[in-house]
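Reviewing the structure listed below.
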Amino acid sequence: MKYIDEYRDGGLARLISATIAREAQAGRQYKFMEFCGGHTHALSRYGIEDLLPPQVEMVHGPGCPVCVLPVGRIDDAIRLAMRPEVTLCTYADLMRVPASGGANLLKARAAGADIRMIYSSMDAVLIAEAEPARQVVFLAIGFETTTPATALAIRLAHQKQLANFSVFCNHVLTPPAIRAILDVDHLPAGERVLVDGFVGPAHVSTVIGTSPYAALAAAFGKPVVVAGFEPLDVMQAILMLIRQVNEGRTEVENQYIRAVTPEGNLIAQREMAEIFELRDSFEWRGLGALPASALRLRNTYATFDAERRFTIVPVPAADNPACECGDVLRGLKKPAACKLFGTVCSPQTPMGSCMVSPEGACAAHWTYGRFRDRAGAGAPRQAA
Amino acid sequence: MSPPRLRTRKLDIRGGRVDLSHGAGGRASAQLIDEIFRAAFDNPFLDQGNDQAAFDVPAGRMVMSTDAYVIWPLFFPGGDIGSLAVHGTINDLAMAGAKPLHLAASYILEEGFPLADLQRIALSMARAASEAGVAIVTGDTKVVERGKADGVFITTTGIGMVPAGIDLSADRARPGDRVILSGSLGDHGVAVMSKRSHLGFETEILSDSAALGGLVADMVVACGPSIRLLRDPTRGGLAATLNEIAQASQCGFLIDEARIPVRPEVAAACELLGLDPLYVANEGKLVAVVAPDATDGLLAAMRAHKLGRAACVIGEVTADDRYFVVMTTAFGGGRIVDWLAGEQLPRIC
Amino acid sequence: MCLAIPIRVDALLPDQMARVTLGGVSKHISIALVEDVRVGDYVLLHVGYALTRLDPGEAERTLILMREAAVPGLPEIQGAAA
C-alpha cells in the first residue's frame, strides 16, 4: 500500500534506532509525551519501545476523544437512546465505554434502545432521511480531525431540510488540552507531569495546521514535532525531538510534511467555524473543566442541537472512585501503575475509558505491551 | 376401480416461499424435504425416508462435532451459509485428525424465506459434501414465524474416525515445537464484511471456506505421530487459536509477523476497517503444532496439497508461565497477540 | 490523532464524492473538504471524508530524510531537503 508500507520498513527502523541511541546523550533523560491516541497505539502495536534507548521515555497523553469523554456525557447519550422515538447513531468505539452503574451503549442496545453503529457522520443523515418517523441523533465525538465531518453532516441535513436529525456534540480541541498538560506551575509538585517535548498529533494537524502549536512551544519552552502515524514517522519525530533538546531549541517542527502545512485545511476550518462556536467550559475526564476547550452548535443551527431539542440536563456523574484514568490521561501514571490494571480492569471488563478505546493508554498497553511488565502484573489466569 | 391418485403440484421453487405449513410435519413438510433436500443430497440414506440414518461403523476412535451457523449475509463471495456449514463441521472433525464419516443437517427456516435461495443453499451443501467425500445422511426442518429467524439458521453435526496412533489435543504443545500455518489469514472475515451493506465497499476477496479433511489426511499419513495438535482459526482468528492453545498447554508462543501470509487486498481492507488480520475469521486454514524434527516433512506434505501450498512456519512454542503469545513485528519491536476483547469493532479514532 | 488512511482517487463522482481504492478495495467518500481533487491523487481518508491531499514530493522527501537519519556520519538535516 503506497504511502503506508514505505513508512513501516523494518530495516530503516533498525538504522534510525541506532542513530537515536547514538544521539541520546548518556546520563540524560528524555521524556516525551505523544499527545495523540493514534500515536499511543502505533507505539504499542509496533513495539517501538524496544527500538528506543532506555533514557528515552514516552508518556501517553490525553489525545483520545473516547478516553476524555466524561461518564456523565455517556449517561446522557444512553438516556437519549432509551427514548422510544430516538435512533442514536454512534461510532463503534463508544459502544463499550463504561457509564454510571456499569451501563454502556452495547447493553442499552441489548435492552431495546435503537442504537446503530456507523462509520461516517453522513450515514446518520442518510438514516434520518430514510426513516422520517425516527428522531435520529448523531453522537459526535472527536478532536479537530473528526469535527469537520460533523459540520458537513449538519450542512447536509440543513440542505435536505431534515426535521428529524440532531447532533449530541462532544467535539473537543487539541491546543487547550496541550496547554492543560503544560500549565503545571499551579499544581502541587506530585501532580505535575514534566515532559521535555511533544509528539504532535498527525491528523488534527492536517486540519488546524502547525501554527497553533507555536504559542504553546514559546509560552512553555517545549519543542513540538508534528508526526505522521506510521512507525517510521514516530521514530523520526523522536529523533527530531532529541536533537531539539540537545541543542536547547524549543521550536515547532513538522515531520509529517506530506500531509500537514502551517495553515492547515482552510476549507475544513471554515466549515467548522460556520457551524460551531466555543463553549465557555467543558468537563474532560482526567483534566477537569477546561475553558474554551470544546464546541457546541451555533444558534443558527440550534435546531440540529440535540442538547436543545431534547433538553438534556447534565447530571454530574463521578468516575469509579478507584479508577485512575485521570492520572493516566495526564501522563502522571503509567497504565501498569493503576491498581485496577489487569486485576479488575481489562478490555473485557473495562472500569474506565482508557481501557475501552483501542487508543487508550491502558488498552494499548494491555493489548500489546503488558508482557514487559514485571511478572505477575496482568498475567493471564494461572492453570489450577 | 382404483382410488383417484392425488396430483400434487411440484413446489414453485422459482417464486415460492417457505410458509408455516412447511414446518408442520404434514404433507407440505414432506414435500419440502423431498424436493429440496433429498433431491439435492441424493443418497440412499435419505431415500429410505426415515427420521434417522443407520449404518455400521468401523472399529476405532470416533469423534463427533456440532456447530450452528448464523452467518449474515447468507451468500458471500466464495461461499454461502450452506457450504460454510458443511466445511466448518468437517473441519472440526479434521482437527482431531479424523476422516469425516457422515453429516447431519438441521434447518430453522424463517417464514417467507425464498425457496430459490433454499435450493441454492441445499445444492451448495451437496456440492461441498460430495467434494469432501461425505454425505448428509439425516436432518430436520423447522419453520418459525416471519421475523423470528434471519432467513435460515443451519446446524450441522458430523462424525469421523481417528486413525490409530493419532492423538491431537490442545494441551500437547511443548516448548520448542514449531507452529505451521496452512495459508493466508483474514480472507473469510473480510469477504463477509465486504457484503455488509452498512460498511459500503466492494472487494474481490473470496472467502477461503473449504473442507480440510483431505489436507489433514495427507498430513497424518506423512507425520501423524509427530503432530501435537491441529486447530482451525475461525472466530477470533489466529489470535484466539494461539491463546487457547497457550492456556491448554500452559506454554507461550513466539511468532514472527513477517512470516505470516496476508494477501494484499485483505491487508488493505483491514487497514480501511481498522482491523488486525490476526483476529479475523478464517474458514479454510489450519494451525499445526509439530515436533521440531518433523517440521520439514510436514511442510512438504502440506505444500503438495492444493489447500496447503502457502504453508509456512510462523513461529515456535516457548516456555512462558504467563502464557503470552509474543510476536516480533515486521517493524522490529515486540508486542503480544492477546485474546480478542469483545467483538472486533472497527476503529475510527 | 484519528485513524486516517492514504488512499488513491480512482474516479470523481457527483455531489463532491469520489471513488477511492486501497490495494484493490474500493469505497465512495466525500471530497468536500479538499479542493481540486483529480483522479490519481492520494488523499487521507477519515470517517468517510478526505481530509487533505498527500503531497508526493514531500512524501519522497520524508523518505530521503529518514534514510539520511539512518546512515551514521551524515550531517544533521534541519527540516530542509539535503
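Values in this text are rule-based calculations from the coordinates and carry no lab data. These figures come from a predicted structure and were not determined experimentally. As a convention, Cβ positions derive from the backbone with ideal geometry for all residues, glycine included, and neighbour counts pool all protein chains shown.
Cut-off is 10 Å between beta-carbons; in what order do B:Ile255, B:Ile90, B:Ile13 appear when sorted fewest neighbours first?
The fewest-first ordering by Cβ neighbours comes to B:Ile13, B:Ile255, B:Ile90.
Taking only the alpha carbons of the range C:5-70, what extent do you get along each of the three principal axes, in Å, biggest first?
44, 25, 20
With the crude spin-label approximation of a point 7 Å out along Cα→Cβ, what separation in nm comes out for B:Glu244 versus C:Glu68?
The two pseudo-label positions are separated by 5.3 nm.
Stretched out fully, how many nm does the piece from B:Ser21 to B:Arg7 gain, at 0.36 nm a residue minus the Cα gap?
Here the segment from B:Ser21 to B:Arg7 would lengthen by 3.2 nm.
Averaged across orientations, what area in nm² does the convex hull of the alpha carbons in chain A project?
20.7
Give the angle, between 0 and 90 degrees and rounded to the nearest 10, that separates the Cα long axis of helix B:213-223 from the longest principal axis of the Cα atoms of chain B.
For helix B:213-223, the angle is close to 40 degrees.
Quote the charge dipole size of the protein assembly as shown about the Cα centre in Debye, to the nearest 20; the model charges only the Cβ of Lys and Arg (+1) and of Asp and Glu (-1).
In debye, rounded to 20, the protein assembly as shown gives about 880.
Please report the relative contact order for the range B:170-336, taking Cα pairs under 8 Å with a sequence separation of at least 6, and give it as a percent rounded to a whole number.
43
Within the range B:76-115, find all residues whose amide N lies under 16 Å from a label point positioned 7 Å from the Cα of B:Lys142 along Cα-to-beta-carbon.
Only B:105-111 fall inside the zone, counting backbone N under 16 Å.
Would you mind working out the magnitude of the charge dipole of the range B:170-336 relative to its Cα centre, with +1 at each Lys and Arg C-beta and -1 at each Asp and Glu C-beta, to the nearest 20 Debye?
With Lys and Arg at +1 and Asp and Glu at -1, about 180 debye.
So what is the relative contact order for the range B:162-268, in percent, with contacts set as C-alpha pairs under 8 Å and at least six apart?
Once divided by the residue count of the range B:162-268, the mean separation gives 44 percent.
Considering only A:Glu274, A:Glu247, A:Glu283, give the residue with the highest GNM mean-square fluctuation for chain A, with springs between Cα atoms whenever their separation is below 10 Å.
Comparing A:Glu274, A:Glu247, A:Glu283 in the GNM, the peak value goes to A:Glu247.
Which residues in the range C:28-58 place their backbone N less than 13 Å from a point set 7 Å from the Cα of C:Asp15 along the Cα-to-Cβ direction?
C:28-32
Testing the spin-label approximation: label points 7 Å from Cα along Cα→Cβ at A:Ala214 and B:Arg303. State their distance in nm.
6.0
If you wrap a convex hull around the Cα atoms of the range B:207-258, how much volume per residue is inside, in Å³?
In the range B:207-258, the Cα hull volume divided by residue count equals 124 Å³.
So for chain B, what percent of the C-alpha to C-alpha distances run longer than 32 Å?
Result: 36 percent of Cα pairs exceed 32 Å.
How large is the translational diffusion coefficient of the range B:170-336 in µm² per second when you combine the Kirkwood radius over alpha carbon pairs with Stokes-Einstein at 37 °C and 0.692 mPa s?
Translational diffusion coefficient: 204 µm²/s.
What whole number of Å gives the distance from the Cα centroid of the range A:284-349 to the Cα centroid of the range B:103-120?
Each part reduced to its Cα centre gives a spacing of 48 Å.
Just subtract the alpha-carbon distance of B:Ala310 and B:Arg14 from 0.36 nm times their residue separation and send over the number in nm, one decimal.
Stretched out fully, the B:Ala310 to B:Arg14 stretch lengthens by 102.5 nm.
For a quick check: sort A:Glu57, A:Glu307, B:Glu283, B:Glu257 by the number of other beta carbons within 10 angstrom, fewest at the front.
With the sparsest Cβ surroundings first, the list reads A:Glu57, A:Glu307, B:Glu257, B:Glu283.
What is the diffusion coefficient of the range B:20-162 in µm²/s, taking the Kirkwood radius over Cα pairs and the Stokes-Einstein relation at 10 °C with a viscosity of 1.306 mPa s?
Estimated diffusion coefficient is 103 µm²/s.
Run the simple label-point estimate for B:Asp150 and C:His28 please: 7 Å along Cα→C-beta, distance reported in nm.
About 2.4 nm separates the two model spin labels.
Rounded to the nearest 5, what % of the DSSP beta bridges within the range B:45-184 are antiparallel ones?
In the range B:45-184, approximately 70 percent of DSSP beta bridges are antiparallel ones.
For the protein assembly as shown, list log₁₀ I(q)/I(0) at each q in 0.08 Å⁻¹, using the Debye formula over Cα point scatterers of equal strength and ignoring solvent, two decimals each.
Listed by q, the Debye log ratios stand at -0.75.
Please give me the summed charge of the neighbours of B:Gln31: other residues whose Cβ is under 15 Å from its Cβ, Lys and Arg +1, Asp and Glu -1.
+2
Mind sorting A:Val315, A:Val59 by how few other Cβ atoms lie within 10 Å of their own Cβ, fewest first?
Final ranking by Cβ density, sparse to dense: A:Val315, A:Val59.
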